[in-house]
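The next block holds one structure in the form of structure tokens; read it before the comments.
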Amino acid sequence: MRGGLVLGLLGLALLGACAQQPPRTTGSKVTLVVLPKAPDGHVGAVMVRPLDGSEAVLVDKPYVEASLRDTKTVRTSPIDPKGVNETFGKTLAALPAQPTSYLVYFVEGTDELNPVAKRTIDRIVAEVIARPSPEIAVVGHTDFIGTDQYNDTLSLQRALRVRDLLVQRGIPARIIQAAGRGKREPLIQAPSTVAEPRNRRVEIIVR
């Protein structure tokens, strides 16, 4: 790695804090890697390796700066979150919003949403409208009652039902992908004879 300025964006938001250190100016031959902290607390990790094959350094904590000032040595040190914002603010501001996930639930054996789910649709529509170039994934699921084929069909019907509701509210069908997972990905493990209502769901992911 040489020249320029690199921000390791495995975490995407400037939240939380760590040991503070005054921000440093970067020279023309300095490469920086900094991991901000996501709202869910996830940081991620990145390996920083010198060009000459010297020992790589793992960065897996928020607001730790890894700087490469020559071809041999990676140095790490804490960095003030305010300094990250000053250095990388424009880059962070240009990032798309993180995906938001919603769950809606269904009446047993049908593609009819329960009353709470209908109110969730309102929040989903508002989230889609707030994004400049949204994409939506709609994935249907079932409980364990019934055959694989029956549940595959039902889960897709549920996903298509949610897609149609969104389209009726003015969301373009072209930005919505619908799929059914049947009973393969339950939220709650239950006996095959138990109609677990939390597994009768559609997950809507807005990106």
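The values are calculated or read from the model by the stated rules, or taken from the named source; none is laboratory data. If you're wondering where the values come from, they're calculated on a predicted model, not measured in any experiment. Reconstructed Cβ throughout: ideal geometry from the backbone, glycine too, with neighbour counts over all protein chains shown. Note: areas computed on protein heavy atoms with side chains; ligands, DNA, RNA excluded. Shrake-Rupley method; radii C 1.70, N 1.55, O 1.52, S 1.80 Å.
Hey, with R₀ at 35 Å, roughly what FRET efficiency would Arg169 and Ser77 work out to, going by the Cβ-Cβ distance, to 0.05?
0.10
Mind putting a number on the dipole of region 55-207 about its Cα centre? Charges go on the C-beta only, +1 for Lys and Arg and -1 for Asp and Glu, and I need it in Debye to the nearest 20.
340
Taking a point 7 angstrom from the Cα of Glu112 along the C-beta vector, which residues in region 147-181 have backbone N less than 15 Å away?
From region 147-181, the list is 158.
Modelling each spin label as a point 7 Å along the Cα-to-Cβ direction, I'd like the Asp52/Gln149 distance in nm, to one decimal.
Between Asp52 and Gln149, the simple spin-label model gives 6.7 nm.
Rounded if a/c is under 1.5, else prolate if a/b is larger than b/c, else oblate: which is region 80-207, with a ≥ b ≥ c the root eigenvalues of its Cα gyration tensor?
Judged from the Cα gyration tensor, region 80-207 comes out prolate (a/c at least 1.5, a/b above b/c).
Roughly how many Å² is the accessible area per residue of region 84-150, as a whole number, for a 1.4 Å probe?
Ligands and nucleic acids excluded, the figure is 57 Å² per residue.
Working out 0.36 nm times the residue gap between Thr193 and Leu92, then minus their Cα-Cα distance, what length gain in nm do you get to one decimal?
Full-extension gain reported as 31.5 nm.
Charges on Cβ only, +1 for Lys and Arg, -1 for Asp and Glu, centred on the Cα centroid of region 100-144; of Thr100, Ile129, His141, which one is farthest towards the dipole's positive end?
Ile129
Would you mind telling me the share, in percent, of accessible area of region 78-132 contributed by carbon and sulfur at probe 1.4 angstrom?
It is 56 percent, rounded to a whole number.
In region 155-201, what percent of the accessible surface is made up of carbon and sulfur (1.4 Å probe, ligands and nucleic acids excluded)?
48
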